[in-house]
Amino acid sequence: MSEGQIGYYRRNHFVPVPEVASLTELNSMVDQWDVDDEGRRLRSKTRTIGEHFAQ
């Protein structure tokens, strides 16, 4: 993941800071965000994030 994508992920998932009861709950949220992001494409790339990760 490039530095720009790290900022994208942080801004879209951690701002504002999620309110959770436990680290387990936060980890579950992050896991779901990752699954949701697998179909996203970066700019003009032909493959999705999930396809790049699988490679």
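Which one is nearest to Gly50 (Cα to Cα) among residues in the range 1-31 that are hydroxyl-bearing (Ser, Thr, Tyr) and in a helix (DSSP H, G or I)?
Tyr9
Could you list, ordered by first residue, the pairs with Cβ atoms under 6 Å in which the first is in the range 11-22 and closer than 16 Å to Asp37 by Cβ and the second is surrounded by 10 or more Cβ atoms within 10 Å (Cβ to Cβ), at least 6 apart or interchain?
Cβ pairs passing all conditions: His13/Trp33.
Could you look through the range 45-55, keep only residues that are at pLDDT below 85 and under 14 Å from the mean Cα position of the chain (by Cα), and pick out the one that is least open to solvent (accessible area, probe 1.4 Å)?
Among those residues, the one meeting the criterion is Ile49.
Considering the range 3-44 alone, what residues qualify as being touching a Ser or Thr at 6+ places or on another chain (Cβ under 6 Å) and open to solvent by 90 Å² or more (accessible area, probe 1.4 Å)? Even if it seems obvious, please write down each step before you answer.
Here is the first cut: in the range 3-44, the ones touching a Ser or Thr at 6+ places or on another chain (Cβ under 6 Å) are 39, 41.
Once the filter is applied, which keeps residues that are touching a Ser or Thr at 6+ places or on another chain (Cβ under 6 Å) and open to solvent by 90 Å² or more (accessible area, probe 1.4 Å), the range 3-44 yields only Arg41.
The values are calculated or read from the model by the stated rules, or taken from the named source; none is laboratory data. These figures come from a predicted structure and were not determined experimentally. For neighbour counting, all protein chains shown are included, and Cβ atoms are generated from backbone atoms with ideal geometry for every residue, glycine included. Note: areas computed on protein heavy atoms with side chains; ligands, DNA, RNA excluded. Shrake-Rupley method; radii C 1.70, N 1.55, O 1.52, S 1.80 Å.
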